[in-house]
1. Convert each backbone phi in the range 151-156 into a coupling constant with the Karplus relation 6.51 cos²θ - 1.76 cosθ + 1.60 (shift: θ = phi - 60°), then list the ³J(HN,Hα) values in order as whole Hz, x for Gly and Pro.
2. Which of 130, 153, 114 has the fewest other C-beta atoms within 10 Å, and how do the rest follow up to the most?
3. Got a sec to turn the phi values of the range 218-231 into Karplus ³J(HN,Hα) couplings, 6.51 cos²θ - 1.76 cosθ + 1.60 with θ = phi - 60°, whole Hz, x for Gly and Pro?
Amino acid sequence: MNPMAGIIINLVIFMGIILFVFLLFSKGLKRAHITSSVKKNSWILGGYIIILFFSMVIYFLMPEAEHIKWKGRAEGESDFLLYERLMNKENIEESYLASKETYDLTERVLEIRSQDNYFQEYMIMYEKTSEIKGEIEVRLYKGILTVEQFDLSEELPTPSIMYSNGILEVEHPVYFEKSIAYTAPEFPFSQFSGQRWTMQGYGHSSSDAIIYVKVPEDIEVTWNEEFMIIPEVK
């Protein structure tokens, strides 16, 4: 059935029920000789019918758009598998890369430090490679945050990376807070669409930023193993 035809049928049935109840109620009051209440009820029901009529007109004039729903990970599933792709040494699209820096390395040992030995907002991994000599390469892949179908990844603050004398230190990103508000048709507009807006809810998904460090093959990488877990990509 055509959606428009279904809306019109629902509207006709709804208006018919109101008219039936109005006539039945009015006749019952007249038999009981309560004429003043009939007039009041006539104004009330008449006003309600007018409101419904204008709501119907406004509803048909509204642009056609579906209520925002959480669409899951089907379309952007690769976004949330970045960690696995890096561990498999796959080529990563430049769109995920937030920054890329190289630092001269004269020491034989690279120490990785994290602020307060704690990093919940990001992950660190390293790879030993023969492609580079006398330096390290640090790539920062941005985190991902989606709320409903809104992509807030570009607004996420990134951790700060500093290097000095064989020590690579990472500081936590600044606190991030985002408020989102949107409107949705409610009663009486929802009567004509057949959708229960109050049951929709919302969804979100996120992944942490990833710091990927490339070092020469003959360099030893150390960190505080008591508080930090830094996997090696092999």
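1. Per residue, the Karplus-derived 3J(HN,Hα) values read 9, 9, 4, 5, 8, 5 Hz.
2. Numbers: 130 8, 153 17, 114 21.
Lowest to highest Cβ neighbour count: 130, 153, 114.
3. So the J values, rounded to whole Hz, are 8, 9, 8, 10, 10, 6, 6, 6, 6, 10, 10, 10, 10, x.
Throughout, read-outs are computed from the coordinates displayed, never taken from laboratory work. Because the structure is a prediction, the values reported are computed rather than measured. No Cβ is skipped: glycine too gets one built from the backbone with ideal geometry, and neighbour counts run over all protein chains shown.
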